[in-house]
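Shown next, in structure tokens, is the structure this report addresses.
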Amino acid sequence: MSAVCIKAGLYLHMSGRIFICKSEHLWLRRNFSVSSAWYQNATAPKPGSVEELVIPKKKTWDKLAILKSLASTVKKDPTAAPYIFPDDSYLIPRSMNEFRQCSLSMESGRNAAKYVINTFPKFFRKDFAEPHIPCLMPENLEPQIEEVCEAALVERIKLMKVKAAVDMYDQLLQNGTVVSTDSTNDLLDLICFYGASVQGEALQEELEDQEENSNGKEWDRMATNKSQKGWRRDNAAERIFNLMPEKNERAYCTLIRGMVKFKAHTMAFNTYEDMLNDRLTADVHTFNALISAAPNVRQFFHERSNLILELLQQMEKQKVRPNLLTFNAVLKSLRECGSLGRTQALLTLAEMKALHIEPSLATYYYVLDIFFKTASFDLKPTTIIYDVMDEVSGKHFSAQDPDDVLFFAYAMLICLRLKDIDLAYKLQRLLEVGNNWQLLGDPRQQSIYYAKFFNLLCMMEHIDVILKWYREITSSLYFLSSSALMELLQALDADNRLDLIPEIWKDIKWMGHGHRANLVEEVLALMARDKHSPEVQESFANCVLDVKKVYQNRDQSTKTLAWTASALGNITSVLLAASRTQEARDMLELFSRNNRVPTAELLEEFVNYAQRIGDPQLAVELVQLSNSFSLPTTAKLSHRVAQDFLLSDEQKNALPEMEHSDSESNSE
């Protein structure tokens, strides 16, 4: 019994030791984390001394975060074509005209597809998308409610059927139905937006009917004239406005903005006076429209300025807070106030700063236009451009005004007039900040910007810098015109880098300027003017032979160049300098074939080459060619050939006859 108790006690003793060891180990692990946290709290800095790092429990990501991250890893390829065109060498536009044609063709294709889908929606009802994507399905553009009711009117307003909505409104009034104020205001908004004299699809139907009986140019001119019609008296908008039993502020504001939009400025101010007589208050958008129309209702500069100031005072009196578009409208109108607009423009900027309204690019465009429109760059230079650039440098801008896209092109034009390349670089750096490039404007504005920038580079920069920018912006951002390529050739000539002309000629052909006579003549003249190393002369010879193919091209799709004496002479000189004898002789035949007279200098150069290679027959042929054109230097050339060349009897017999004929002609 005692032995059993001893064994049981020993077992309990060993189990207790194991339990204590495990408990201590677990306690140490728990204590370590607690003591670490306690130690961190004990050694943590006092609040306010160092910013405390707070780790959020959940991070809310933007829906486009992954796409933005991927986009940040990709750089722009300067040799790539604009992204809107397919990556196909045969479909990439090479000039501004091709760019315009391709862009319009693609947009026309999209519009045609939309027209087919929306005209015949029953053929496009099958939905393949999972889940359903409503925007990919055909839109229902035809009214579904046929009965005469206010719901049918609302449906036609939402579908933007101007003529149908007006007809439905008239039918409701004829039936004695009272149309609600909201529906009437919506109809008035629709009419004033699309034009009371245009009548939406009614104009389109009229143009389509007349298109069948006219050619394309007449139809384009007719469409332009139709779309430019102004505000007619007693039109649908005024008629509906006058029929309203109770005219509210929204109806007045809509009518005024419509009148301003369609150039009825005087009627807009008269309607505004009626609004004030009814003790109603206009909104900020109506005041913006009236301010922009102020120069059209006053003749003198000070009257225009006073009217703008009066409208601003009425805004303050009616407690209407101005916005960015209000001050932009003020600056836009001050452009028509002459030199008086300068002082008022600075006061306008100060008022914007006081109201904490951040200017947009259109604001700075108006300011530059006010100062440089009335300034002479030679007599009264202004430094406002430098202040504007210091203000906008490094900032991110977004589209807030339709005229924001006019800033960059106009600012670069000023840089060109001032011939300030550093200022142009500063403007280019602003364009590269964030998404400011999106405010460069349409392709036309973009072309104007880079054309002025490249012109300034050719005038002020070294040729290596010019070529760097030339390779970066060509085809991807800017399609060089013939005048820009001419400036590039002049820059190559100024920096004595004529060896690059063959490379530039390839670009000229690729851009579709190979048929420009003045450009081709300049290329040939630069290559033929001076003598260069044999390697350069060989490349020049290959280049002029390629130019020769352009002259001989009879493709009806391209313009054919006519041979000129200077072009023939320059090509011949380049071939002679490269020791291309046979090709040079072939060029002499083209003189006679195209009835062009070679110059005396060219013939002298050819005789010198014949003497250098020891070819008397070539020298005699040159004398015969000179005699066929009855050149006054024929006798001198014949005498030189007889003296400097070892001629055969047959060749000697030919030269005296020429000398005899020349002496007879001289005696006569």
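The values are calculated or read from the model by the stated rules, or taken from the named source; none is laboratory data. These numbers come from a predicted model, not from an experiment. Backbone-built Cβ (ideal geometry, glycine too); neighbour counts: all protein chains shown. Keep in mind that these areas ignore ligands, DNA and RNA; they rest on the heavy atoms of the full protein, side chains included. Shrake-Rupley method; radii C 1.70, N 1.55, O 1.52, S 1.80 Å.
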Q. So who's got an amide H within less than 5 Å of the one on T474, skipping anything under 5 residues away but keeping other chains? H placed 1.01 Å off N, in plane.
A. none
Q) Largest first, what is the accessible-area ranking of V178, V465, V574 with a 1.4 Å probe? A) V178, V465, V574
Q: Give the accessible area for H396 in Å² (nearest 10); use a 1.4 Å probe, count only protein heavy atoms, and leave out ligands, DNA and RNA.
A: 130 Å²
Q.
Can you compute 3J(HN,Hα) from phi for each residue in the range 565-574, using the Karplus curve 6.51 cos²θ - 1.76 cosθ + 1.60 with θ = phi - 60°, rounded to whole Hz and x for Gly and Pro?
A. 5, 5, 5, 4, x, 5, 5, 5, 5, 5
Q: Output the relative contact order of the range 362-471, whole-number percent, from Cα pairs under 8 angstrom with separation of 6+ residues.
A: 28 percent
Q) By a straight-distance test (C-alpha under 19 Å), which lysines pair with K373 as possible cross-link partners, with residues fewer than eight away in the same chain excluded? A) K332, K419, K452
Q.
Sort 445-458, 579-592, 157-170 by packing, meaning the average of other beta carbons within 10 Å per residue, with the highest value first.
A. 445-458, 157-170, 579-592
**Q.** Rounded if a/c under 1.5, otherwise prolate or oblate - the range 329-450, Cα gyration tensor axes
**A.** oblate
**Q.** Between the range 301-358 and the range 75-145, the alpha-carbon center distance in angstrom
**A.** 43 Å
Q: State the Cα centre-to-centre distance between the range 146-165 and the range 474-500 in whole Å.
A: 59 Å
(Q) Net charge within 12 Å of D77 by Cβ-Cβ distance, Lys/Arg positive one each and Asp/Glu negative one each, not counting D77 itself? (A) +1
Q | Heavy atoms of T271: accessible area, 1.4 Å probe, square angstrom to 10 | A | 20 Å²
Q.
If you count only protein heavy atoms with a 1.4 Å probe, what accessible area per residue comes out for the range 420-559, rounded to a whole Å²?
A. 46 Å²
Q.
With a cut-off of 8 Å between alpha carbons and a minimum separation of six or more residues, what is the relative contact order of the range 470-617 in percent?
A. 18 percent
Q) Quick one: Cα centre-to-centre distance for the range 266-294 and the range 402-454, in angstrom? A) 36 Å
Q.
Which three extents, in angstrom, do the Cα atoms of the range 275-382 have along their principal axes, listed largest first?
A. 53, 33, 17
Q: Report the accessible area of E535, computed with a 1.4 Å probe over the heavy atoms of all protein chains in place, in Å² rounded to the nearest 10.
A: 130 Å²
Q: Taking amide H positions as placed in the peptide plane 1.01 Å from N, state which residues far from H515 in sequence (5 or more) or on other chains have amide H under 5 Å from it.
A: none
Q. Which ³J(HN,Hα) values in Hz, rounded to whole numbers, follow from the phi angles of the range 616-624 under the Karplus curve 6.51 cos²θ - 1.76 cosθ + 1.60, where θ = phi - 60° and Gly and Pro get x?
A. x, 5, 5, 5, 5, 4, 5, 5, 4
**Q.** Amide proton proximity set for R232, modelled H, under 5 Å, gap of 5+
**A.** S197
Q: Starting at the first residue of the range 97-106, write each ³J(HN,Hα) from the Karplus equation 6.51 cos²θ - 1.76 cosθ + 1.60 with θ = phi - 60°, in whole Hz, x for Gly and Pro.
A: 5, 5, 4, 5, 5, 5, 5, 5, 5, 5
Q) What's the local net charge at N570, with K and R +1, D and E -1, over the other residues with C-beta under 13 Å away? A) -2
Q: Roll a 1.4 Å probe over the protein chains and send me the accessible area per residue for the range 287-419 in Å².
A: 49 Å²
